[in-house]
Structure formats: C-alpha cells, structure tokens
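The structure appears below as structure tokens.
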Amino acid sequence: MTINEIQDEIIDEFSFFGDWMEKYEYIIDLGKGLSLIDEQYKTDDYLIRGCQSRVWLRADAAPGGKVVFTADSDAVITKGIIALLMRVLSDQTATEVANADLYFIDKIGLKEHLSPTRSNGLLSMVKQMKLYGLALSTQAS
C-alpha cells in the first residue's frame with residue numbers, strides 16, 4: 001500500500017470512534033502491537049530529542065530501497081503514536097519517507113488533542129523519521 005492509502009485507511013478507522021477517549025484507547029492498543037526496538041538500541045544515539053517521554057527509534061534499510069522502523073517508548077500513548085507513524089512510513093522507500101506529507105495527523109485531529117509537549121514530541125518523531133528516510137535515500141544513491 002502507498003503512504004496515502006495507509007493514511008486514508010487510518011482516517012477511516014478514526015471516523016468510527018465517537019469521542020477522543022475512544023480514540024486514545026485505540027492509539028494505546030496500537031502501541032501494544034509496536035515492532036519494538038532491540039534493547040541494545042535503547043541508547044542516547046536512538047533517543048528522539050524534543051519528546052516529553054523517552055522514545056527510541058531506529059531505521060534499517062530493507063531490500064528494494066525500503067525503510068523498516070522499530071521503536072519503543074516509556075509512555076503508552078507515545079508508543080501508540082509512534083506505532084501509527086510506523087504503520088504509515090515503514091516498508092516504504094527511503095525517498096517516499098523523506099518526502100511524505102503526513103496529512104492524516106491533521107485529518108484525525110491528533111495534534112490538536114495532544115498536550116503541547118506531546119504535540120512537540122509528535123513533530124520531533126515525524127522529523128526524525130523523515131531524516132532517516134533522507135539519510136537512507138542518500139546512501140542508496
């Protein structure tokens with residue numbers, strides 16, 4: 001699936017929920033299925049700066065120029081948010097990751113329903129994922 005197809009799927013899923021408490025529960029559930037980063041990478045080198053919670057993120061090059069992300073966080077809601085981002089960006093090409101327009105964040109109202117510090121963390125996660133995409137696309141060239 002393309003990045004936009006996955007985003008549209010997420011927007012559809014979120015439209016089924018009546019209120020933000022249900023949406024938060026869904027996000028937390030998504031975090032429980034997160035592809036966890038290996039313990040050896042839970043170091044400052046993989047820590048995302050700008051997050052209120054501790055979030056570790058790693059990107060690996062996969063066949064076909066694709067990027068596979070693994071992550072973990074010490075906060076359940078943040079784990080769910082990174083799981084959403086990984087669902088959209090993992091298994092896409094590095095160039096697609098670097099250039100992705102993540103419109104689903106605004107369409108589902110995620111940023112406006114997070115505290116200012118969590119919202120900054122969300123932006124930091126997106127920025128780091130795009131930087132990994134950029135770095136891996138440069139390596140592939």
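Some values worked out for this structure:
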item: Failed item, numbered, when THR117 is tested on (1) over 21 Å from ILE11 (Cα atoms); (2) surrounded by 14 or more Cβ atoms within 10 Å (Cβ to Cβ); result: (2)
item: Test result for THR93, in contact with a Gly (Cβ under 9 Å, 6 or more places away or on another chain), of a type in the set (Ser, Thr, Tyr) and touching a residue at least 24 places away in the same chain (Cβ under 8 Å); result: yes
item: Qualifying residue in segment 95-107 (condition: assigned to a helix (DSSP H, G or I), small (Gly, Ala, Ser) and at pLDDT 95 or above); result: yes
item: Segment 1-23 - residue that is among the aromatic types (Phe, Trp, Tyr) and either farther than 22 Å from ASN120 by Cα or modelled with pLDDT of 95 or more (or both) and, of those, surrounded by the most Cβ atoms within 10 Å (Cβ to Cβ); result: PHE14
item: Search result, residues across segment 69-102 that are more than 19 Å from TYR26 (Cβ to Cβ) and surrounded by fewer than 19 Cβ atoms within 10 Å (Cβ to Cβ); result: ASP74, ASP91, THR93, THR95, GLU96, ASN99, ASP101
item: Test: residue in segment 89-101 that is farther than 19 Å from SER137 by Cα and either of a type outside the set (Asp, Glu) or touching a strand residue (DSSP E or B) at 6+ places or on another chain (Cβ under 7 Å) (or both); result: no
item: Output for segment 32-68, where each listed residue is assigned to a helix (DSSP H, G or I) and surrounded by 14 or more Cβ atoms within 10 Å (Cβ to Cβ); result: TYR41, TYR46, GLY65
item: Answer residue from segment 9-25, given it is of a type outside the set (A, V, I, L, M, F, W, C) and touching a residue at least 40 places away in the same chain (Cβ under 8 Å) and is farthest from GLY80 (Cα to Cα) among those; result: LYS23
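The values are calculated or read from the model by the stated rules, or taken from the named source; none is laboratory data. Small disclaimer: the values here were computed from a predicted structure and weren't measured. Glycine also receives a Cβ, built like all others from the backbone with ideal geometry; neighbour counts cover every protein chain displayed.
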